[in-house]
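Only one structure is covered here, and it is reproduced in the block below.
None of the figures in this text is laboratory data; all of them are computed from the coordinates on show. All figures in this text were calculated on a predicted structure; none of them were measured in a lab. Reconstructed Cβ throughout: ideal geometry from the backbone, glycine too, with neighbour counts over all protein chains shown.
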Amino acid sequence: MNGKTFALLVAASFALAAPAYAKDELHLYNWNNYIAPETIKRFEDTCHCEVIQTYYSDNDELLAKVAAGAKGYDVMVPTSNAVQTLIRGGQLMAIDKTAIPNLKNIDPAYLNTAFDPGNRYSVPYAMSTTIIGYNDVKMKELGLPTDTWAVIFDPKYLVKVKGRVTVLDSANELFAAALKYLGYSANDVDPKHWNEAAAVIRKAKPYWAAFNASSYIKELTVGNIWLVHGYSNDIFQANQDAEAAHRPFHILQGMPKEGAVLAVDNMVIQKGAPRPDLALKFINFVLVGRNSADLTNLIGSGNPNLDAMKYIKPEILKLPAVFPPKDIQAKLEQLKDLTVAQRRLRNKLWTEIKAAK
Amino acid sequence: MRKSGPWLWASALVAYAFLYVPLAIVVVYSFNDSRLNAEWVGFTLDWYRKLAGDGAMIAAAGNSLVIGISASVVSTVLGTMAGVAMHRYRLRVLPLLILAPIAIPEILTGVSLLIFFVMLNVTLGLVSVAIAHITFCIGFVAIVVRARLAGMDETLTEAARDCGASPWNAFRYVTLPLITPGVIAGALMAFTLSIDDFVITFFTAGAGTITLPLQIYSMIKISVTPEVNAVSTLLMLLTLVLIVTAARISPTLLRSTQESTS
């Protein structure tokens with residue numbers, strides 16, 4: 001092979017790989033399966049542009065990538081505490097409120113939080129809660145309650161379901177649940193309370209089948225696992241799968257009366273976004289009730305959009321874990337980031353829990 | 001030939017089962033008529049039909065192929081040159097530079113490349129991913145080619161030179177044909193490494209650039225359906241075809257003996 005052929009080959013391989021920027025494109029950095037295809041279709045029709053999605057499966061992935069300097073995203077959908085990190089890092093573009101009149105549709109309860117005071121950078125998109133999921137037939141058979149964290153943590157109940165329970169493999173989520181069970185805030189940072197929570201977890205651990213953050217949907221649907229500490233969207237999904245497979249049981253959501261963790265995902269615009277104009281158009285479009293309802297109908301996510309309620313399937317609307325009643329809503333908490341010292345302590349407790357027999 | 005005892009057979013069987021049973025399960029379950037795919041329900045080709053209509057998955061597969069082909073072509077050329085140079089001259093720095101990317105943890109390569117691309121203001125996309133893949137593939141190609149050269153009879157090249165061939169012609173008509181199996185093996189290796197790379201791709205891919213591994217990984221949380229099995233089955237098939245073709249082109253490729261050079 002001579003030099004010329006080589007140069008041609010290189011040139012050819014690069015020509016093949018050259019990105020095309022001819023059309024109007026909106027780049028959406030999103031969780032997988034976190035926007036309804038029909039919403040995208042409708043937006044593409046109105047804006048005469050193309051929506052191109054790239055996915056992440058964890059807030060840390062998004063943060064790592066953006067912090068290292070990756071550019072080119074217009075709209076991203078991080079969870080509240082990640083929004084706060086992005087704001088601190090100066091990674092976001094302030095949102096021009098005059099361009100998104102539909103912001104009025106959002107329930108004021110979800111606006112102006114400590115994560116982004118005044119919503120200068122972020123607009124609530126959708127949310128989920130971390131709750132109890134259970135096999136209705138088995139729980140009824142065993143006569144267990146499904147509206148309290150006690151069923152996950154109290155050996156008195158756990159003896160009956162030993163080996164049929166999983167909890168999330170996440171120190172933050174599990175500590176939050178245990179703190180709630182003890183009557184503290186999920187964001188409590190008192191080391192004494194953390195030790196109490198760790199003791200609760202260690203006492204319950206022998207009854208749990210596993211720490212599981214991904215396959216518990218499947219385990220619930222198949223009927224191997226009867227009780228989980230998990231995300232509301234996942235439990236909704238498990239029930240849909242169980243129904244599709246004609247199982248003789250349902251997978252239901254139990255909202256603990258002690259309260260639970262709430263995770264709100266927000267639309268933000270990356271600083272230096274190629275198309276901030278399209279980004280604002282997109283955000284305003286998603287804030288229309290009908291469009292926002294699409295996602296809830298698809299995956300059973302919570303919806304902060306008051307205008308969306310009339311488009312949401314009634315069977316989803318009545319789920320307390322998706323649309324919590326007012327008294328429960330007051331007991332839901334979004335997790336705040338921990339300081340380095342706090343994280344170190346939590347990791348230490350978590351390691352001890354994991355290592356304990 | 002030594003007589004192989006039952007123990008050897010047994011351990012070979014276990015080893016092969018360990019390697020291939022999981023793959024076989026993936027293939028079988030790609031025909032499973034259950035979205036959940038937790039137990040066998042019935043035979044269907046629906047997932048392949050669904051795959052054919054899944055724009056995102058097809059685009060991702062297309063990107064993976066484009067990147068894989070360009071990365072393997074370029075890294076094979078550069079890697080062969082490096083392999084030849086490392087074999088022919090007593091170089092100290094070159095082997096280090098070529099082989100370091102193999103030894104450096106992927107996550108480090110990924111992050112440093114991302115920061116580097118950002119510094120140079122390179123738009124992240126297919127090009128940046130291809131460059132990143134070329135970077136870590138060169139070393140693998142160079143190693144394979146150098147190993148091939150080490151088993152080659154040096155006197156053949158010298159004879160060609162004695163007969164008046166220019167250095168280029170001696171390489172083109174004597175050395176290159178002899179090391180072709182190594183070059184092809186290197187190219188195949190580069191292609192497969194590129195096709196399934198996740199970590200480096202994750203960092204160097206920009207907005208809108210999705211490869212197959214990125215797509216599958218992002219689906220893990222909620223939507224692993226037999227469609228993932230179907231796409232994996234097709235990938236395995238492609239790899240199989242590649243290996244069989246390579247073995248046809250160069251029958252000695254998959255054997256470690258040096259018979260073709262003697």
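Rounded to the nearest 5, what is the percent of antiparallel bridges among the DSSP beta bridges in chain A? Before the final figure, lay out each step's value.
On the way: 24 of 38 bridges.
Roughly 65 percent of the beta bridges in chain A run antiparallel, per DSSP.
A simple spin-label model places the labels of B:Leu237 and B:Glu106 2.6 nm from each other, with each point 7 Å out along Cα-to-Cβ. Counting only Cα atoms, the protein assembly as shown measures 94, 68, 51 Å along its principal axes, largest extent leading.
Could you tell me whether chain B comes out rounded, prolate or oblate from its Cα gyration tensor? Rule is a ≥ b ≥ c as square roots of the eigenvalues, rounded for a/c under 1.5, then prolate if a/b exceeds b/c, otherwise oblate. Taking the square roots of the gyration eigenvalues as a ≥ b ≥ c, chain B is oblate.
Tilt of helix B:55-88 relative to the longest C-alpha principal axis of chain B, in degrees (0 to 90, nearest 10)? Its long axis makes an angle of about 20 degrees.
Hey, for a label at A:Leu182 modelled as a point 7 Å past Cα toward Cβ, could you say which residues of the stretch A:341-357 have their backbone N under 16 Å away? Hits in the stretch A:341-357 for A:Leu182 at 16 Å: A:342-343, A:345-354.
Only Lys, Arg, Asp and Glu count, each charged at its Cβ (+1, +1, -1, -1), so figure out the dipole size of the stretch B:130-198 about its Cα centre, rounded to 20 debye.
Working: 4 positive and 6 negative charges, 20 e Å.
Computed about the Cα centre, the dipole is about 100 debye.
Stokes-Einstein, applied to the Kirkwood radius of the stretch A:66-183 over Cα pairs at a viscosity of 0.692 mPa s and 37 °C, places its translational diffusion at 183 µm² s⁻¹. Centre-to-centre separation between the Cα atoms of the stretch A:137-207 and those of the stretch A:227-243: 18 Å. Mind checking which of A:Pro124, A:Pro37, A:Ala204 is farthest towards the positive end of chain A's charge dipole, using Cβ charges of +1 (Lys, Arg) and -1 (Asp, Glu) about the Cα centre? Most positive-ward Cα: A:Ala204. Residues whose amide H lies under 5 Å from that of A:Glu25, counting only those 5 or more places away or on a different chain, are A:Glu50; hydrogens are built 1.01 Å from N in the peptide plane. Within the protein assembly as shown, DSSP assigns beta bridges of which about 65% are antiparallel (rounded to the nearest 5). Using only the alpha-carbon atoms, how far is helix A:276-286 inclined from the longest principal axis of chain A? Give it as 0 to 90 degrees, nearest 10. Helix A:276-286 and the main axis of chain A meet at about 40 degrees. Charges at C-beta only: +1 for Lys and Arg, -1 for Asp and Glu. How large is the resulting dipole of the stretch B:55-228 about its Cα centre, in Debye rounded to 20? Approximately 300 debye in magnitude.
Sequence-ordered 3J(HN,Hα) estimates for the stretch A:38-48 from the Karplus curve with 6.51, -1.76 and 1.60 and θ = phi - 60° stand at 5, 5, 4, 4, 5, 5, 4, 5, 7, 9, 6 Hz, glycine and proline given as x. When chain B is treated as a GNM with alpha-carbon contacts under 10 Å, the residue of B:Pro177, B:Pro213, B:Pro95 showing the greatest mean-square fluctuation is B:Pro177. Label sites at A:Asn224 and A:Leu111, each approximated as a point 7 angstrom past Cα along Cα to Cβ, lie 4.7 nm apart. When the stretch B:55-228 is described by a simple charge dipole with +1 on each Lys and Arg Cβ and -1 on each Asp and Glu Cβ, the residue from B:Leu149, B:Ile216, B:Val111 located farthest towards its positive end is B:Leu149. Rounded, prolate or oblate: which one fits chain A, using the alpha carbon gyration tensor with axes a ≥ b ≥ c (rounded when a/c is under 1.5, else prolate when a/b beats b/c, else oblate)? Since a/c reaches 1.5 and a/b is larger than b/c, the shape of chain A is classed as prolate.
Charge dipole (Cα centre; +1 on Lys/Arg Cβ, -1 on Asp/Glu Cβ; no other charges) of chain A amounts to roughly 860 debye. If one computes the Cα centroid of the stretch A:291-320 and of the stretch B:36-75, what distance in Å separates the two points? Here the two parts' Cα centres lie 32 Å apart.
Of the residues A:Asn172, A:Val137, A:Met93, the one whose Cα sits farthest towards the positive end of the charge dipole of chain A is A:Asn172 (charges of +1 on Lys and Arg Cβ, -1 on Asp and Glu Cβ, taken about the Cα centre). How tilted is helix A:3-17 with respect to the longest principal axis of chain A? Cα atoms for both, answer in degrees (0 to 90, nearest 10). Its long axis makes an angle of about 60 degrees. Listed cross-link partners A:Lys205/A:Lys257; A:Lys156/A:Lys257; A:Lys65/A:Lys205; A:Lys41/A:Lys71 are compared with a 29 Å cut-off, the Cα-Cα value being larger for A:Lys65/A:Lys205.
With 10 angstrom as the radius, rank A:Val228, B:Val145 by how many other C-beta atoms surround their C-beta, starting from the fewest. Show your work: numbers first, answer last.
Details: A:Val228 30, B:Val145 25.
By the 10 Å Cβ count, ascending, the order reads B:Val145, A:Val228.
Between A:Ala279, A:Ala260, A:Ala213, the GNM of chain A built on Cα springs shorter than 10 angstrom shows A:Ala213 fluctuating the most.
Close amide H pairs (under 5 Å, H built 1.01 Å from N) link A:Leu332 with A:Ala260, residues at least 5 positions away or on another chain. Between B:Ala85 and A:Glu315, the modelled label-to-label distance comes to 6.6 nm, taking each label 7 Å out from Cα in the direction of the beta carbon.
Once backbone amide H atoms are built at 1.01 Å from N, A:Ala126 has A:Asp265 as its partners under 5 Å, excluding neighbours fewer than 5 places away on the same chain.
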